[in-house]
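Undergrad: If you scroll down you'll find the structure; I have some questions about it.
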Amino acid sequence: MMPLMYAEKDRPMTVCRISGPLKVRSHLADLGFSPQSLVTVKQEIAGNLIVEVKGSRLALDASMARRIIVQEAQA
């Protein structure tokens, strides 16, 4: 397991957990980051990420990407 920040580009990852205060976890859940959801890093720009989750592309700053703990998706 690792923070989403360190995930390889274009490799599907499964969200394992979200760390941080309740307000941050709730915000990320509202964006589609929940345990067992798939997320793919599409682009990295100056430490920030463009990710795809549940069919939508979102921008995440580095601090948010560090709170999302992922592992490689099982085939």
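Undergrad: Taking the stretch 38-75 as the search range and keeping residues that are under 15 Å from Met1 (Cβ atoms) and assigned to a loop (DSSP other than H, G, I, E, B), which one is least open to solvent (accessible area, probe 1.4 Å)?
TA: Restricting to residues being under 15 Å from Met1 (Cβ atoms) and assigned to a loop (DSSP other than H, G, I, E, B), the top hit is Ala73.
Undergrad: Return yes when Arg17 is within 15 Å of Met2 (Cβ to Cβ), modelled with pLDDT of 95 or more and not hydroxyl-bearing (Ser, Thr, Tyr) and no when it is not.
TA: So Arg17 fits the description; yes.
Undergrad: Another one. Determine which single condition His27 fails, assuming it passes every other condition in (1) in a helix (DSSP H, G or I); (2) touching a residue at least 40 places away in the same chain (Cβ under 8 Å).
TA: Only one criterion is unmet by His27, namely (2).
Undergrad: Restricting the search to the stretch 15-24, which residues are part of a helix (DSSP H, G or I) and not β-branched (Val, Ile, Thr)?
TA: Leu22, Lys23, listed by residue number.
Undergrad: Shifting gears a bit: Identify the residue in the stretch 1-14 that is aliphatic (A, V, I, L, M) and in a loop (DSSP other than H, G, I, E, B) and, among all such residues, is surrounded by the most Cβ atoms within 10 Å (Cβ to Cβ).
TA: Ala7
Undergrad: Which of the residues that make up the stretch 15-35 are of a type outside the set (A, V, I, L, M), open to solvent by 20 Å² or more (accessible area, probe 1.4 Å) and within 11 Å of the chain's Cα centre (by Cα)?
TA: Cys16, Arg17, Ser34, Pro35 - these are the residues of the stretch 15-35 that are of a type outside the set (A, V, I, L, M), open to solvent by 20 Å² or more (accessible area, probe 1.4 Å) and within 11 Å of the chain's Cα centre (by Cα).
The values are calculated or read from the model by the stated rules, or taken from the named source; none is laboratory data. Note that this is a predicted model, so its numbers are computed, not measured. FYI the Cβ positions are ideal-geometry reconstructions off the backbone, even for glycines, and counts take in every protein chain you see. Heavy atoms of the whole protein, side chains included, go into the accessibility calculation; ligands, DNA and RNA do not. Shrake-Rupley method; radii C 1.70, N 1.55, O 1.52, S 1.80 Å.
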